[in-house]
Amino acid sequence: MTSSRSGLWWGFFGVALFALSVPLTRSAVDHMSPAFITAGRAVVAAVLAIAFLYFRKQPIPTRRQFLRLLAIGGGVVVGFPLFTGLALQTVPASHAAVVVGLLPAATAVISVLLTGERPPVRFWAFAAAGATAVVVFTATSHGGFEPLQLEDLYLLAAVVVTAYGYAEGAIIAREIGSWQTIAWALVVWSPILLGVTIWSLSNEPFTPDVTDWLAFAYLAAVSMFFGFFAWYRGLAIGPVPTVSQVQLTQPVMSIMWSAIILGEAITPEILLGGLVVVAMSLLAVRTRLAR
C-alpha cells in the first residue's frame with residue numbers, strides 16, 4: 001500500500017512538471033526552430049545527466065540495455081519534443097493538450113504489447129474509442145469535418161513514440177534505476193543532437209528574447225531531465241497501470257497553463273474533446289488495472 005501510494009505521488013509530480021512542456025514549447029517555437037528546441041534542450045539535459053552519472057559513479061549499461069535506451073530516447077528525448085514542436089508552429093497549445101491526452105491509453109496499450117498481457121476486450125474498446133475521439137476532435141477543429149492536417153499527424157506521432165518510451169522506460173528503470181534511465185538515454189543521443197544543434201544555429205532563423213530563453217531553460221532542465229526523475233521513479237515503483245493513470249491530469253493542467261501563460265481561449269470544443277479523450281483513457285487504464 002505504501003509503495004503504491006509513493007509511486008502515485010512520484011508519478012503525479014513528474015506529470016505536473018511535464019504539463020508546462022506544451023505551452024512553453026508553443027511560446028518558444030515562434031523564435032526558435034523545432035529542431036533547435038528538440039536538440040538544444042537535450043544537449044543541455046545531457047550535460048546535467050553526465051554530471052549526475054559521474055558523481056554518483058553509476059555503472060555503464062550493457063550493450064543490450066544501450067540498444068533499448070536508444071529506442072527509449074528516440075521516443076521521449078527526440079520524438080515528443082520534435083513532433084510537438086512541429087505541430088505547435090500552427091496549432092494552439094490547448095489543442096495539442098487534448099491530443100496528448102490520449103497518451104495514458106497509448107502507454108497502456110504498448111505496455112500490454114511489450115509484456116504479452118491479455119487484457120479484456122473492453123480495454124481495447126475503450127482504447128479504440130479514445131483514439132477515435134482524438135481523430136474526430138482534430139478533424140472537426142478546423143471548421144467542419146476535414147481530413148487530418150499534417151500538424152495533427154505530428155501530434156499523433158508524438159503520442160505513439162512517447163507511449164513506447166514510457167512503457168519501455170518503465171521496464172528498464174527496474175534494471176538500471178529511474179533517473180539513470182533518462183540520463184543514459186540522453187547520453188546515448190547527445191552526439192547526434194549536438195550536431196543538430198550546431199546545424200540549426202547556423203541554418204535556421206533564431207531570434208529569441210528573454211521569455212524564450214526562460215521557456216527553453218525549463219524545457220531543458222525540467223521537462224527533459226528532472227521531470228523524468230519523478231516520472232520514471234513512479235513507474236518503477238508501480239504498478240505501471242496505476243501510476244500511468246495520473247497522466248490523465250496532464251491535459252487538464254496543460255490547458256490551464258495555456259490559458260494563463262499564452263492567453264488562449266478555452267472553447268467548448270476544447271473542453272468537450274479533452275473530457276471525452278480523458279474519460280476513454282481512464283476507462284481503458286482502469287479496465288486493465290482491474291484485470
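The values are calculated or read from the model by the stated rules, or taken from the named source; none is laboratory data. Predicted model only: the values in this text are computed from it and were never measured. Positions of Cβ are backbone-derived with ideal geometry, glycine not excepted, and every protein chain shown enters the neighbour counts.
Do the conditions hold for Ser33, that is, is it under 18 Å from the mean Cα position of the chain (by Cα), closer than 24 Å to Leu214 by Cα and hydroxyl-bearing (Ser, Thr, Tyr)?
Values: under 18 Å from the mean Cα position of the chain (by Cα): no; closer than 24 Å to Leu214 by Cα: yes; hydroxyl-bearing (Ser, Thr, Tyr): yes.
The answer is no for Ser33.
Determine, yes or no, whether Phe137 is crowded, with 23+ Cβ neighbours inside 10 Å, among the aromatic types (Phe, Trp, Tyr) and either on the phi < 0 side of the Ramachandran plot or without any contact (Cβ under 8 Å) to a residue 12 or more places away in the chain (or both). Step through it out loud before you land on a result.
Working: crowded, with 23+ Cβ neighbours inside 10 Å: no; among the aromatic types (Phe, Trp, Tyr): yes; either on the phi < 0 side of the Ramachandran plot or without any contact (Cβ under 8 Å) to a residue 12 or more places away in the chain (or both): yes.
No; evaluated as a whole, the condition is false for this residue.
Can you spot a residue in segment 65-72 that is charged (D, E, K, R) and either modelled with pLDDT of 90 or more or touching a strand residue (DSSP E or B) at 6+ places or on another chain (Cβ under 9 Å) (or both)? Steps first, please.
Pass one, segment 65-72, residues charged (D, E, K, R): 68.
If we keep only those that are either modelled with pLDDT of 90 or more or touching a strand residue (DSSP E or B) at 6+ places or on another chain (Cβ under 9 Å) (or both) too, we end up with 68.
Yes: one or more hits.
Look through Ala128, Ala96 and report the one residue that is of a type outside the set (S, T, N, Q) and out of contact with any helix residue (DSSP H, G or I) (no Cβ under 8 Å at 6 or more places or on another chain).
Numbers: Ala96 fails: out of contact with any helix residue (DSSP H, G or I) (no Cβ under 8 Å at 6 or more places or on another chain).
Just one listed residue meets the conditions, Ala128.
Being aliphatic (A, V, I, L, M), modelled with pLDDT of 80 or more, surrounded by fewer than 17 Cβ atoms within 10 Å (Cβ to Cβ) and under 16 Å from the mean Cα position of the chain (by Cα) narrows it down to one of Leu153, Leu113, so name that one. Steps first, answer last, please.
Numbers: Leu113 fails: under 16 Å from the mean Cα position of the chain (by Cα).
Answer to the selection: Leu153.
Residues in segment 239-254: is at least one within 25 Å of Val44 (Cα to Cα), in contact with a Ser or Thr (Cβ under 8 Å, 6 or more places away or on another chain) and modelled with pLDDT under 80? Explain how you work it out, then say what you get.
Step one: list which residues in segment 239-254 are within 25 Å of Val44 (Cα to Cα), which gives 250, 254.
Within this subset, residues satisfying the condition of being in contact with a Ser or Thr (Cβ under 8 Å, 6 or more places away or on another chain) are 254.
Pick out the ones that are also modelled with pLDDT under 80 and you get none.
Within segment 239-254, not a single residue is within 25 Å of Val44 (Cα to Cα), in contact with a Ser or Thr (Cβ under 8 Å, 6 or more places away or on another chain) and modelled with pLDDT under 80.
Filter segment 116-129 for residues that are part of a helix (DSSP H, G or I) and surrounded by fewer than 20 Cβ atoms within 10 Å (Cβ to Cβ) and give the result. It would help to see each step written out before you state the result.
First, pick out the residues of segment 116-129 that are part of a helix (DSSP H, G or I): 121-129.
The answer is Val121, Arg122, Trp124, Ala125, Ala128, Ala129.
State yes or no: is Ser200 surrounded by 20 or more Cβ atoms within 10 Å (Cβ to Cβ), touching a residue at least 60 places away in the same chain (Cβ under 8 Å) and farther than 17 Å from Gly14 by Cα?
On the way: surrounded by 20 or more Cβ atoms within 10 Å (Cβ to Cβ): yes; touching a residue at least 60 places away in the same chain (Cβ under 8 Å): yes; farther than 17 Å from Gly14 by Cα: yes.
Yes; evaluated as a whole, the condition is true for this residue.
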